[in-house]
Ligand SMILES: Cc1ncc(COP(=O)(O)O)c(C=O)c1O
């Protein structure tokens with residue numbers, strides 16, 4: 001809905017605050033090769049993970065806000081109303097340490113990271129059939145590997161990497177997306193790159209076209225609000241006989257974690273087929289009450 005409204009128009013003309021979902025962008029603005037920091041280019045607030053691109057403990061996250069359009073006391077009250085009353089000191093300390101690291105050494109560490117990832121991209125680009133997404137399509141510190149031209153299956157490659165103690169952030173049949181951050185050494189990133197190259201060769205098969213996963217292309221039909229569906233009387237049905245009924249649950253192949261079904265949406269044959277395909281390809285089916293997908297929860 002806001003696709004064509006610029007940050008400037010939203011904030012200056014309409015007077016609406018702009019909040020940026022910046023889970024993966026905690027390092028933006030700390031190196032000239034990276035996109036600017038959201039708060040310096042018009043955002044009023046941003047939420048960012050400190051445990052993704054910064055080396056804080058899991059669950060560490062930050063809300064950053066400017067106060068021209070946001071009422072800081074309301075923000076504080078909302079935060080307190082939803083935050084745990086028993087925050088873990090170790091997580092808070094790790095967030096502060098990560099913030100301090102970014103402030104004091106971020107530029108140099110990010111410089112090394114951008115150089116290392118550029119080298120890794122160059123190595124991967126020499127593998128026949130392999131594509132690597134390039135900036136500005138992706139953040140210069142991200143490695144996103146596109147596999148269909150090699151015929152290799154990303155789920156098999158992910159397993160090879162896990163077996164070598166190198167779990168990655170995301171893999172599906174067609175893509176690999178390891179997280180590399182300023183806390184990784186050049187040697188570690190290049191060892192990962194080498195392991196990917198060897199695994200691609202091990203799984204090489206007939207090249208296939210790139211086909212976007214169903215969750216990017218399916219048009220959901222919303223029949224009732226997620227809240228209504230979640231609280232409505234519901235029951236479990238064999239999946240095939242749930243086609244045409246309204247889902248009472250969230251079902252998302254993970255990665256990428258985008259729901260194919262949400263509460264209140266019609267369960268279509270296409271949606272079910274895409275979920276069964278994902279499951280057969282070895283993708284984890286997240287949030288479903290029956291991850292085998294033999295059954296689905298439907299509204300009565
Ligand atoms: C785009 C995006 N937003 C938000 C989150 C959740 O972040 P957190 O784990 O800090 O709650 C994730 C987690 O993977 C994500 O990918």
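All of the numbers you see were taken from the coordinates with simple rules; none came from a lab. All of these numbers come straight from a predicted model, not from anything done at the bench. When we count neighbours, we look across all protein chains shown, and the Cβ atoms used for this are built from the backbone with ideal geometry, even at glycine.
Worth pointing out:
- For the stretch 189-300, the C-alpha radius of gyration sits at 1.29 times the compact-globule guess of 2.2 N^0.38 Å, with N the residue count.
- Take the Cβ atoms of residue 191 and residue 280, set R0 to 30 Å, and the FRET efficiency comes out at 0.40.
- Principal axis box of the chain, alpha-carbon based, largest edge first, Å: 59, 55, 41
- Separation between Cα centres of the stretch 72-126 and the stretch 279-295, rounded to whole Å: 32 Å
- MRE, 222 nm, helices only [DSSP H, n ≥ 4, -39500 (n - 2.57), over the chain, to nearest 500]: -10500 deg cm²/dmol
- Estimated FRET transfer efficiency (residue 57, residue 19; beta-carbon r; R0 22 Å; 0.05): 0.35
- Taking all pairs of distinct alpha-carbon atoms in the stretch 7-96, Kirkwood radius in angstrom: 14.3 Å
- Counted over all Cα-Cα pairs of the stretch 51-154, pairs farther apart than 22 Å make up 56 percent.
- Length gained when the stretch residue 70-residue 108 is fully extended (0.36 nm per residue, less Cα-Cα span): 10.4 nm
- Separation of the residue 223 and residue 162 label points, Cα + 7 Å toward Cβ, nm: 3.5 nm
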